[in-house]
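For reference, the structure discussed in these notes is given below.
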Amino acid sequence: MPGFELFGAEEKKEVQDVLDNGVLMRYGFDGNRNGHHKALELEKDLATRMQTDYAQVVSSGTAALTVALACAGVGSGDEVIMPTFTFVASFEAILSVGATPILCDVDDTLTLAPGAVEALITDKTKVVMPVHMCGSMADLKAMKAICKKHNLILLEDACQAIGGTYEGKPLGSYGDMGCFSFDYVKTVTAGEGGGLITNSKLYADRAHQYQDHGHDHIGTDRGAETHPFLGYNYRLSELHAAVGIAQLRKLDHTLALQKKNYTLLRDALTIIPEVTFRRVPDGGEESYAFLTFFLPDKESAMEAHKALGLHGVDACFYWYYNNWHYYKKWEHLLNPTSLHKLSEEQMQGLQKNNSSYASSDAWISRTVSCLIKVGWSDAEVQERASKMVKALQSVFIIN
Ligand SMILES: *Cc1c(COP(=O)(O)O)cnc(C)c1O
């Protein structure tokens, strides 16, 4: 997944453009910037690549989700349905606008289970937020049908699956809004950064204003601009945007490498009958950022994860006990611990999350994911494949 593996002359050239004129901020100073508007250029490129009418770049993926929720008018007392398996950023963004994250079971896609989503809908629900974890997507057709039926907003967290598609559409572009992260370990990196895509002019206009203190961006005198509503500062700097431009241009190349390496490893594992693969919903194509598979039960999955490490297969994850990606270790959310005071509505709503998530536990406890790198040589991928097979076979020989 990491775009940092492909950091090179292209990124340096884009950054040099910014250093040459010294204008590090995206707004104003037009006389000095030699025509370089890197954040704006990244937005144009992102919208084009993702086949949406609009894109807004911001300072992180978390900021992108936050801005998206604010643009959709989500706030105090509103509930947002999100999966038990994601990165902590998903609920951070929801809490930061004053809304309440409602945890929802995942199924063998390792993303929101449609039936579980419907069961959680109340008159407070405003948004369904599927998270396309580890390169593969939620059943977006089912999500859209649920949102249509209950008049909800569909917000895709595509931070870990940039470049994947569903029914031929880029992930992130299928719902009302979609978000990407350009942090240092993502497929496209700007060091830090994020992007929001949408076909809604209303959301796009709001996003552009909200992420810059509510500035209306009318006219050429920044100091004279008014503020139609409250905003914050989630701007992306020109330096970060410059890196992002070069990285986004490499996306299709990165995806091709990921697919090649993923396919070779997956094909190798098919000789182990105990290993099965995560379900990709019909109509979906992964970004191939991770190879994710199931072992027959929790014990063998833990053994497999350990054996992979002992056989020198790095960057494999057992999410069930992971501190950042699975609800079981989100004690600070489940027993809300916040520096600033949370509202009564939030405190009450958060109690709903002290439920049991049997489907999530059943699938995640059996799951192992291995990161797909793009810098491996063909020989290295072959070697990795044989190490993986040996490691996984060792689990079943012992048992
Ligand atoms: C990385 C990530 C984010 C947040 O991105 P940052 O840029 O690190 O703030 C959000 N959701 C998921 C699923 C992620 O993996």
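The values are calculated or read from the model by the stated rules, or taken from the named source; none is laboratory data. Note that the coordinates shown come from a computational prediction; the quantities given were computed from them, not determined experimentally. Ideal geometry is used to build each Cβ from the backbone, glycine not excepted, and the neighbour counts take in all protein chains shown.
Out of curiosity, is Gly135 closer than 29 Å to Ile245 by Cβ, among the small types (Gly, Ala, Ser) and within 12 Å of the ligand (Cβ to nearest atom)? Before you say what the answer is, go through the steps one by one.
Numbers: closer than 29 Å to Ile245 by Cβ: yes; among the small types (Gly, Ala, Ser): yes; within 12 Å of the ligand (Cβ to nearest atom): yes.
Judged against the criteria, Gly135 is a match.
Is there any pair with a first residue in the stretch 172-184 that is outside the structural domain of Lys373 (by TED's automatic domain parsing) and a second that is modelled with pLDDT under 95 and within 14 Å of the ligand (Cβ to nearest atom) whose Cβ atoms are under 7 Å apart and which are 6 or more apart or on different chains, and what are they?
What qualifies is Tyr184/Phe4.
Please give the helices (runs of 4 or more DSSP H) falling wholly within the stretch 300-399 in which 2 or more residues are modelled with pLDDT of 95 or more, assigned by TED's automatic domain parsing to the domain that holds Ala289 and among the basic types (Lys, Arg). I'd like the intermediate steps shown before the answer.
Values: elements: 331-334, 344-350, 358-364, 378-398.
The helices (runs of 4 or more DSSP H) meeting that bar are 378-398.
Would you mind telling me which numbered condition in (1) surrounded by 16 or more Cβ atoms within 10 Å (Cβ to Cβ); (2) under 14 Å from the mean Cα position of the chain (by Cα); (3) within 16 Å of the ligand (Cβ to nearest atom) Pro170 fails?
Every condition holds for Pro170 apart from (3).
Residues in the stretch 31-52: is at least one small (Gly, Ala, Ser), more than 15 Å from the chain's Cα centre (by Cα) and under 30 Å from Thr292 (Cα atoms)?
Here is the first cut: in the stretch 31-52, the ones small (Gly, Ala, Ser) are 31, 35, 39, 47.
Then drop every residue that is not more than 15 Å from the chain's Cα centre (by Cα), which leaves 31, 35, 39, 47.
Restricting the remaining residues to those that are under 30 Å from Thr292 (Cα atoms) gives 47.
Yes: the stretch 31-52 contains one or more residues that are small (Gly, Ala, Ser), more than 15 Å from the chain's Cα centre (by Cα) and under 30 Å from Thr292 (Cα atoms).
Which members of the stretch 56-105 meet the condition of being of a type outside the set (Ser, Thr, Tyr), within 22 Å of Ser359 (Cα to Cα), within 16 Å of the ligand (Cβ to nearest atom) and not in a helix (DSSP H, G or I)?
Listed by number, the residues that qualify are Val80, Ile81, Met82, Pro83, Phe85, Phe87, Val88, Pro101, Leu103, Cys104.
Asp297 fails exactly one of the following numbered conditions: (1) buried (at least 16 other Cβ atoms within 10 Å of the Cβ); (2) touching a residue at least 60 places away in the same chain (Cβ under 8 Å). What is the number of that condition?
Here Asp297 clears every test but (1).
Is the stretch 144-159 home to any residue that is surrounded by fewer than 24 Cβ atoms within 10 Å (Cβ to Cβ), at pLDDT 95 or above and among the small types (Gly, Ala, Ser)? Spell out how you get there, then give the answer.
First, the residues of the stretch 144-159 that are surrounded by fewer than 24 Cβ atoms within 10 Å (Cβ to Cβ): 144-154.
Going one step further and asking which of them are at pLDDT 95 or above, we end up with 144-154.
In the following step, the residues that additionally are among the small types (Gly, Ala, Ser) were identified as 145.
Checking the stretch 144-159: at least one residue is surrounded by fewer than 24 Cβ atoms within 10 Å (Cβ to Cβ), at pLDDT 95 or above and among the small types (Gly, Ala, Ser).
Taking only pairs six or more apart or across chains, which ones have beta-carbon atoms under 7 Å, a first residue in the stretch 75-95 that is closer than 22 Å to Ser360 by Cα, and a second residue that is within 8 Å of the ligand (Cβ to nearest atom) and part of a strand (DSSP E or B)?
Met82/Val131; Pro83/Val131; Thr86/Val131; Thr86/Asp157; Ser90/Val131; Ser90/Asp157
In the stretch 262-281, what count of residues is obtained for those that are part of a loop (DSSP other than H, G, I, E, B) and in contact (Cβ under 8 Å) with a residue 24 or more places away in the chain? Working first, answer last.
Kept after step one, since they are part of a loop (DSSP other than H, G, I, E, B), are these residues of the stretch 262-281: 270-275, 278-281.
Imposing the further condition that a residue be in contact (Cβ under 8 Å) with a residue 24 or more places away in the chain reduces the set to 271-272, 274-275, 278-281.
Adding up the residues that qualify gives 8.
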